[in-house]
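Okay, so here's the structure we're looking at.
Each reported figure results from applying straightforward, stated rules to the coordinates on display, with no laboratory input. Because the structure is predicted, anything quoted here is derived from the model rather than measured. As a convention, Cβ positions derive from the backbone with ideal geometry for all residues, glycine included, and neighbour counts pool all protein chains shown.
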Amino acid sequence: MADNLQLNSEGKLKHFLTIEGLDKSLLTEILDTAESFAGVSEQQVKKYPLLRGKTIVNLFFENSTRTRTTFELAATRLSADVLSMNIATSATSKGESLLDTIRNLESMFVDMFVVRHNISGAAHFIAQHTAPHISVINAGDGQHAHPTQAMLDMFTIRQIKQDFSHLRVAIIGDILHSRVARSQILALNTLGAAEIRVIAPKTLLPAHVETLGVTVSHNLNEGLKDIDVIIMLRLQKERMTSALLPSESEYFKCFGLTEEKLKIAKPDAIVMHPGPINRGVEIDSKVADGPQSVILKQVSNGIAVRMAVMSMAMQRQGALS
Amino acid sequence: MSRIQISQGRIIDPANKIDHVGSVYIADGKIVSVLNEPDGFRPDRVIDARNQIICPGFIDLSTRLREPGQSRKATFASETVAAASAGVTTLCLQPDTVPVIDTPAVAELVKDLAEKAGYAQIHPIAALSQKLEGNELSNMLSLKQAGCIAVGNANQPVKNLLILRRAMEYAASHDLLLMFRPNDYWLGHKGCAHEGVFATRYGLPSIPEAAETIALAQCLELAELTGCRVHFGQLSGKRSVIRIHQAKKYGLDVSADVAMHQLHLTENDIAPFDSAYHVLPPLRTEEDKEYLRQGLAGGTINSICSDHQPHDLDAKLGAFPETEPGMSTLETLLPLMLTLVAQRAITLTQGIAALTEKPAQILRLRNGALTPGFAADVCVFDPELTWQVNQDNWKSQGVNTPFWGQTLKGRVTHTLQGGRIIHELAQEAGYGK
């Protein structure tokens, strides 16, 4: 089961694959630990010795700049040795199976895998089959989960809003294909947000989306009412070619966040986006760069949150003790 | 040939409306008599069936034995032994072998392989179209003459309805049964899980129920247009049951089956990303399962198939969407049928009929009954015997079953095919000694 797989016998984090099965106290522990790391980037010496001598391999089967870079920075700031592999263009394209790739790297005395893969369940699969001493951090698998992104979003929300219990959060855009949205919804529900509202046309919502614990709106003007936190999702270009949407311009007209639309939400609402942004498609530049936007804060918080997760997953190996 | 008396078991033969304790008498490979001892019958062998059930051998409408072409997964040898140990004496082989069963040569190869393996009676299903691509018709008449029992589309959707229409007209001209697994190409494209709560939570490419029901509705229309006899296989959804019910009421000559696992498992049972549960059609909801059970009990669904699909370990070793669909199911067929009876979804007679009399009717075989003169295909099972699904008890080369490690109730003790004992549990497990 997902929850057992992620925790060791003492209930501590071993792998970080999904928010599912993790309770509020553990999520809060991640946020608190991240808090303690948050100042490190501004210090003269940006390093903690917690993972000294540990080897972390970033396995990216799918391209990513931001996520990979922040994971690399997080690992180096914890003094670990880091190796980043872009597998999308190497081993598996030669026909090597996922399992063989993992086995090969295992034999190089790795302590942790950070995995991004375009297939849902890939990180679970690796965690199930890798050597028992190795921790696996999911850096995004298919359309399933992106738990570190969700936690850095929670961290950012907590920084500004302090408490989750009164918050109404809107997630807008391509929920269907979004691993970020799935993890955010789980995290917000676990942390006790008052309401999570997904706003999208039916073509971009998964079947029975309400079973995830959200309310649903197909109209941005109505959906933004009383909202404290606005999370915009990236719209991939291929959604137009697969007939999920007629055009970028029509999407922007209906679901794009403009200054005018932003006024419907609460006056102190914050605007978030996991990036990369499509300016003029899901969000207007004036909003993305405006005073209510915390998009760049999210990016810098990504390092502290990933440091927290990595050090917690290595706890049993002596980190944080 | 030898004379056998299967003695003092509870004989359940739905086709002949028998449910009585007594003996079955076999000589020269055929059933000679049931209950009444023929004059001067001197058996060479008496099988003691006390406290056991004697019924016709099971007939399975959908299996894959992986030969020719994929013997790394399974072979006729391994799978027909598994079939025999599960009481299955006749099985239909889906045409998606490598190469596809679309020429008489492949059909004959299959018959040869079956004969060499020497256990179950194997009936190949011919591909409806060449290479199952849905573009050109296969040589259906030649395939029929080479021993194919029906034509079918295996798991391949037929995209072009005109081709399907022509194929059905042609099949009807030669009095061939169409065994159709309804699945719309576009709606089901690349999906690996039911479009429901599970797929939504885990972000899996999904298949709506409508992918099945739309293709089913189209095929029903064409059945009326063409007069082709159609059997719908491996139904998974509530609305499929409703459609079939309406079609039968309306008077169409159609029948339907359901895979045994669909009567037991739903999307709620899938452990996150456990590829053992990756099947097509996908496991659907509790409501679908209830409709399928009621459809079976009420006769809308005629029969149960195993939809046996053994795999090698590598095929199931990967992230869920990347693994191959299918379960190895022959050996869990009987215990799962008995579970349906224990749960009062169907009666024991209905369960046996769904595995014997009904599939024989669909295939128009002189089989599936203990009628004197019929080939002595007989299954003897102990409904109370429990066994664990593990390496010691498993015959199929495919260990891809979600029931692995579980203890199930009900086990076949003897299987006879054409009067020959092809499985005897006592010999291997010390049973009954």
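Checking the cross-link filter: which lysines have an alpha carbon closer than 21 Å to that of A:Lys237, excluding same-chain neighbours under 8 positions apart?
List returned: A:Lys202, A:Lys253, B:Lys190.
Cα centroid distance between region B:31-66 and region A:187-238, in Å?
For region B:31-66 versus region A:187-238, the Cα centre distance is 62 Å.
In region B:1-140, if the dipole is taken from +1 on Lys/Arg beta carbons and -1 on Asp/Glu beta carbons about the Cα centre, which of B:Gly69, B:Thr97, B:Gly29 is farthest to the positive end?
Final value for the positive-end residue is B:Gly29.
Quick one: pull the percentage of alpha-carbon pairs in region B:137-267 with a separation above 21 Å.
Result for the distance tail: 42 percent.
So for each of B:47-53, A:185-191, B:258-264 I average, over its residues, the number of other beta carbons within 10 Å; can you give me the resulting order with the highest mean first?
Per-residue mean Cβ counts within 10 Å order the peptides as B:258-264, A:185-191, B:47-53.
Using θ = phi - 60° and the Karplus relation 6.51 cos²θ - 1.76 cosθ + 1.60, list the HN-Hα couplings for region B:189-200 in order, rounded to whole Hz, with x at every Gly or Pro.
Here the 3J(HN,Hα) series is 4, 6, x, 9, 8, 4, 6, x, 4, 5, 5, 5 Hz.
Could you tally the net charge around A:Ser79, taking each other residue with its Cβ under 14 Å from the Cβ of A:Ser79, Lys/Arg +1 and Asp/Glu -1?
+2
Starting from the Cα of A:Lys46, draw a straight line to each of the lysines and keep only those under 22 Å, dropping any in the same chain fewer than 8 residues away.
Reachable lysines: A:Lys54, A:Lys297.
Counting DSSP beta bridges with both partners in the protein assembly as shown, what percentage is antiparallel, nearest 5?
Antiparallel: roughly 35 percent of the beta bridges in the protein assembly as shown.
At what distance in nm do the modelled label points of B:Lys30 and A:Ser249 sit from each other, each positioned 7 Å from its Cα along Cα→Cβ?
Each label point is offset 7 Å from its Cα along the Cβ direction, giving 8.1 nm.
Give the long-range amide H neighbours of B:Leu283: residues separated by 5 or more places, or on another chain, with amide H under 5 Å away, using H modelled in the peptide plane at 1.01 Å from N.
B:His194
Before anything else, pin down the relative contact order of region B:330-404: Cα pairs under 8 Å, at least 6 apart, normalised by residue count, whole percent.
Dividing the mean separation by the residue count of region B:330-404 yields 20 percent.
At a Förster distance of 60 Å, what's the computed FRET efficiency of A:Lys286 paired with B:Asp19, Cβ-Cβ distance as r, to 0.05?
Computed FRET efficiency for A:Lys286 and B:Asp19 comes out at 0.15.
Which value, in debye to the nearest 20, describes the size of the charge dipole of the protein assembly as shown about its Cα centre when Lys and Arg Cβ atoms bear +1, Asp and Glu Cβ atoms bear -1, and nothing else is charged?
Its charge dipole is roughly 500 debye.
Treating only the Cβ atoms of Lys and Arg (+1) and Asp and Glu (-1) as charged, compute the dipole magnitude of region B:198-252 about its Cα centre; round to the nearest 20 debye.
The calculated dipole for region B:198-252 is roughly 220 debye.
Within region B:135-154, name every residue whose backbone N is under 17 Å away from a label modeled 7 Å from Cα of B:Glu169 along the Cβ vector.
B:135-141
Could you size up the charge dipole of chain A around its Cα centre, putting +1 on the beta carbon of Lys and Arg and -1 on that of Asp and Glu, and report it in debye to the nearest 20?
420 debye
Choose one of A:Asn104, A:Phe71, A:Phe37: the residue whose Cα lies farthest towards the positive end of the charge dipole of region A:35-127 (beta-carbon charges +1 Lys, Arg; -1 Asp, Glu; about the Cα centre).
Checked the options; the winner is A:Phe37.
Could you work out the mean count of beta carbons from other protein chains within 10 Å of each residue's beta carbon in B:315-321?
Rounded to a whole number, the mean comes out at 6.
Need one number: nm distance between label points at A:Lys24 and A:Thr258, each 7 Å from Cα along Cα→Cβ, rounded to one decimal.
4.0 nm
To make sure I understand, if each residue's beta carbon is the centre and we count other beta carbons within 10 Å, what order do B:Tyr202, B:Tyr25 fall in, fewest to most?
B:Tyr25, B:Tyr202
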